[in-house]
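Notes to accompany the following structure.
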Amino acid sequence: MNPIHLSLMLVFVLVSLALFLWLGLNPFAVERNPLKKRRLYLAGGKLKTAERIAIRFATLFRQTRCTRKKFLIMMFASAAGGFLAGMLLFGSGDLAAVMAVCVLSAPYIYLTIQSAAAAREEIEGLENTMSVISNAYAGCDDIVKAMELYVEEKNRYIPPSPENPYPF
């Protein structure tokens with residue numbers, strides 16, 4: 001590697017670090033009250049860019065049951081695959097590095113597609129739940145009894161515990 005390549009890499013790292021500091025992004029920071037920020041986000045309140053990004057990723061991780069560690073591994077794998085494909089296609093390390101940076105968004109796109117399916121399932125489950133509760137409420141005119149009937153209906157399909165097969 002010649003000094004020009006090293007200086008270009010150093011400039012890239014410094015610009016990336018400056019963007020992280022300027023936008024206030026810290027992937028290791030823990031939010032103090034994520035529910036309050038989520039309510040603000042849903043209500044259309046003003047949030048900082050970093051807070052909106054953090055809420056978006058938290059929602060993606062919750063809906064897809066993906067962890068931060070798995071996401072980082074997927075990002076590393078996509079960057080390595082992009083670099084390898086760039087080396088095979090272009091034969092140049094510089095162009096391969098550019099291709100690796102270009103495919104870094106692939107895990108985010110994958111999680112976004114997966115979360116859309118999870119959101120549809122949540123909505124369908126909500127519709128089913130509301131239908132059962134509404135029918136039970138229409139039958140007895142008591143919301144507490146309707147909720148109890150819903151819980152009984154839901155528990156009917158849960159198999160009994162194998163640890164205690166006998167009721168006595």
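Here, each number is a calculation from the coordinates, and none is a lab measurement. Quantities reported herein were computed from a predicted structural model and do not represent experimental measurements. Reconstructed Cβ throughout: ideal geometry from the backbone, glycine too, with neighbour counts over all protein chains shown.
Gain in length, residue 119 to residue 105, computed as 0.36 nm per residue apart minus the alpha-carbon separation, to one decimal in nm?
On the way: separation 14, 0.36 × 14 = 5.04 nm, distance 2.10 nm.
Full extension of this stretch gives 2.9 nm more.
Per-residue Karplus couplings for segment 115-121, computed as 6.51 cos²θ - 1.76 cosθ + 1.60 with θ equal to phi - 60°, are listed in order as 5, 5, 5, 5, 5, 4, 5 Hz, Gly and Pro entered as x. Our estimate of slack between residue 70 and residue 13, defined as 0.36 nm per intervening residue step minus the Cα-Cα distance, is 18.2 nm. Karplus-derived 3J(HN,Hα) values for segment 85-90, using 6.51 cos²θ - 1.76 cosθ + 1.60 with θ = phi - 60°, are 5, x, 5, 5, 7, 9 Hz; glycine and proline are entered as x. Summing +1 for each Lys or Arg and -1 for each Asp or Glu among the other residues whose beta-carbon sits under 12 angstrom from that of residue 146 gives -4. With a simple spin-label model that places each label point 7 Å from the Cα along the Cα-to-Cβ direction, the separation between residue 87 and residue 23 comes to 2.9 nm. Residues whose amide H comes within less than 5 Å of that of residue 66, counting only those at least five positions distant or on another chain, are absent (H built at 1.01 Å from N in the peptide plane).
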